[in-house]
Amino acid sequence: VPGAGGGADPDPGAGGVGAPPLVCLLDLAGIRASAAALTSAFAAALPPGTPVLHAFAVKAAPLVPVLALLADAGLGCEVASPGELALARAAGLTPDRIVLDSPAKTTAELREALALGIALNADNEQELHRLDALVARAPAGTALPPLGVRVNPQTGAGTIGALSTATSTSKFGIGLRDPGARARLLRAYAERPWLTRLHTHSGSQGVPLPLIARGVREVHALAEEINAEAVRRTGRRQVDTVDIGGGLPVNFASDDGTPTYEEYVRALREAAPGLFGGSYGLVTEFGRALLAKHGLVVARVEYTKTTGGRPIAVTHAGVQLATRTVYAPASWPLRILAYDAEGRPKGGPAVAQDVAGPACFAGDLLAEDRALPLLAPGDLIAVPDTGAYFFTAHYGYNSLPRPAVHGFTVGPEGKTRFALARPAQTPSELVAEAGGALRDALRQA
């Protein structure tokens, strides 16, 4: 595993005395290939010159070097908080490459987005009224950024309820099938000629392609209805861009990268062929699909034991990295690969065992009753498919420090090179984050 230093590490070693017990890796060639697959799949399906912005969902991997790498591949950023906006700007993204989505934007956040020229999607009618006031106060002649409304097509849930954002009661967007909602949306656009986009996002992991496509079809039909009314009133179309969100699910069961972006585009074209005719620009907001398959956690087995007849391997990777897996293992199962201390695949008969993390609660398990070669102290476990929403978004349980994240590439000569993307968090940084400089503040209150 790589050492803790910065820059390129041409010979990081695989372990030994002083080696970190936990390291997180990103396959840079894989990330670039994933970005290329996304852009080419849409480019092949759209008329030349169709405006398309593929905005990476920053929440999937909020690391500035990752955002900069994706920017070099032609991608923008979808942000959902002031912090994510700051990360995107730190990565060098220009305002025209950023989209702001959030169900709880403050007036200050809306004002900043308008001032910077960042596209945004209003989540609800109250937010539209806030935008009314801000737009009215804009200096004469000021160009507004692209503004839209998020619509919930209410087409139903996938297999993971918490990630299904197109249910009848989802907290996101304006429910298209609610009584009177469609008429209110048509009126909202008629009264606001500065609304030029529509946005939808039906969910991600657990939401099948046909359900995602159905949601996009509903919003495309709404865009056509808004434009027909606008042409009748003004002679011009109003909605010029549809933001179709992301949501391509990831296969966590094997190394296969399915479904593909080509399959995604095919499903959309079958459901809403008019969306690909060149009359609308497109925005996408993929996150997990771009990064998940290109991340790897490597952790050392510190101790092993047998309790109640069940072998348990205690490692340094747990809830702080794989929060969703620990708290919802049925929805977020991960593969575990076993290696010896030298990094060689571990052999031997498969034995059902638990793979536990370091946190102080019983449920901190990466895998339960998993058949693997019997692990021993000093062995290594590797956890693939963790490049999005796992180690990139640390959970600070037990004040476990954020581990270092390294990107790697394999050169033509077969040598692997590493570059630090995020340093390991130090004890002093943990103390500072926990109010260390304010030790006596409460005593004096």
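Odds and ends about this structure:
- Residues located in the stretch 173-222, provided they are within 25 Å of the chain's Cα centre (by Cα), at pLDDT 95 or above and not aliphatic (A, V, I, L, M): 197, 199, 220
- For the stretch 427-444, the criterion of being under 26 Å from residue 68 (Cα atoms) and touching a strand residue (DSSP E or B) at 6+ places or on another chain (Cβ under 8 Å) is met by no residue.
- Residue match in the stretch 104-111 (condition: β-branched (Val, Ile, Thr), loosely packed, with under 15 Cβ neighbours inside 10 Å and in contact with a helix residue (DSSP H, G or I) (Cβ under 7 Å, 6 or more places away or on another chain)): yes
- Some residue of the stretch 123-142 being in contact (Cβ under 8 Å) with a residue 24 or more places away in the chain, crowded, with 20+ Cβ neighbours inside 10 Å and under 27 Å from residue 37 (Cα atoms): no
- Hey, residue 287 within 28 Å of residue 32 (Cα to Cα), in contact (Cβ under 8 Å) with a residue 60 or more places away in the chain, touching a Cys at 6+ places or on another chain (Cβ under 9 Å) and crowded, with 18+ Cβ neighbours inside 10 Å or not: no
- Restricting the stretch 161-172 to residues that are farther than 23 Å from residue 119 by Cβ and under 19 Å from the mean Cα position of the chain (by Cα), the residue that is modelled with the highest pLDDT is 161.
- Candidate set: the stretch 261-279, residues that are free of Cβ contacts under 8 Å to residues at least 60 places away in the same chain and outside any helix (DSSP H, G or I); chosen: the one farthest from residue 383 (Cα to Cα): 279
- Residues of the stretch 329-350 classified as within 17 Å of residue 252 (Cα to Cα) and free of Cβ contacts under 8 Å to residues at least 24 places away in the same chain, total: 1
Conditions (1) outside any strand (DSSP E or B); (2) surrounded by fewer than 18 Cβ atoms within 10 Å (Cβ to Cβ); (3) in contact with a helix residue (DSSP H, G or I) (Cβ under 7 Å, 6 or more places away or on another chain); (4) small (Gly, Ala, Ser), marked per residue:
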position	(1), (2), (3), (4)
177	yes, yes, no, no
190	yes, yes, yes, yes
197	no, no, no, no
213	yes, no, yes, yes
216	yes, no, yes, no
220	yes, no, yes, no
223	yes, no, no, yes
228	yes, yes, no, yes
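- Pick from the stretch 403-433, criterion loosely packed, with under 12 Cβ neighbours inside 10 Å, in a loop (DSSP other than H, G, I, E, B) and free of Cβ contacts under 8 Å to residues at least 60 places away in the same chain, ranking: nearest to the chain's Cα centre (by Cα): 411
- Per this entry, residue 324 is counted among residues that are within 19 Å of the chain's Cα centre (by Cα) and buried (at least 19 other Cβ atoms within 10 Å of the Cβ).
- Answer residue from the stretch 230-255, given it is part of a loop (DSSP other than H, G, I, E, B) and among the β-branched types (Val, Ile, Thr) and is surrounded by the most Cβ atoms within 10 Å (Cβ to Cβ) among those: 244
- Flag for residue 258 being surrounded by fewer than 21 Cβ atoms within 10 Å (Cβ to Cβ), touching a residue at least 40 places away in the same chain (Cβ under 8 Å) and not charged (D, E, K, R): no
- Candidates in the stretch 373-420 are the residues that are of a type in the set (Asp, Glu) and more than 14 Å from residue 294 (Cβ to Cβ); of these, the one that is modelled with the lowest pLDDT is 413.
- The single residue among 277, 295, 348 that is in contact with a Pro (Cβ under 8 Å, 6 or more places away or on another chain), under 30 Å from residue 36 (Cα atoms) and surrounded by fewer than 23 Cβ atoms within 10 Å (Cβ to Cβ) turns out to be 277.
- Strands (runs of 3 or more DSSP E) within the stretch 19-80 that include 1 or more residues free of Cβ contacts under 8 Å to residues at least 40 places away in the same chain and of a type in the set (Val, Ile, Thr): 76-79
- Answer from 316, 294 - the residue that is more than 30 Å from residue 238 (Cα to Cα) and within 20 Å of the chain's Cα centre (by Cα): 294
The values are calculated or read from the model by the stated rules, or taken from the named source; none is laboratory data. Only a predicted model underlies this, so the values are computations on that prediction, with no experimental measurement involved. Note: ideal-geometry Cβ built from the backbone for every residue, glycine included; neighbour counts use all protein chains shown.
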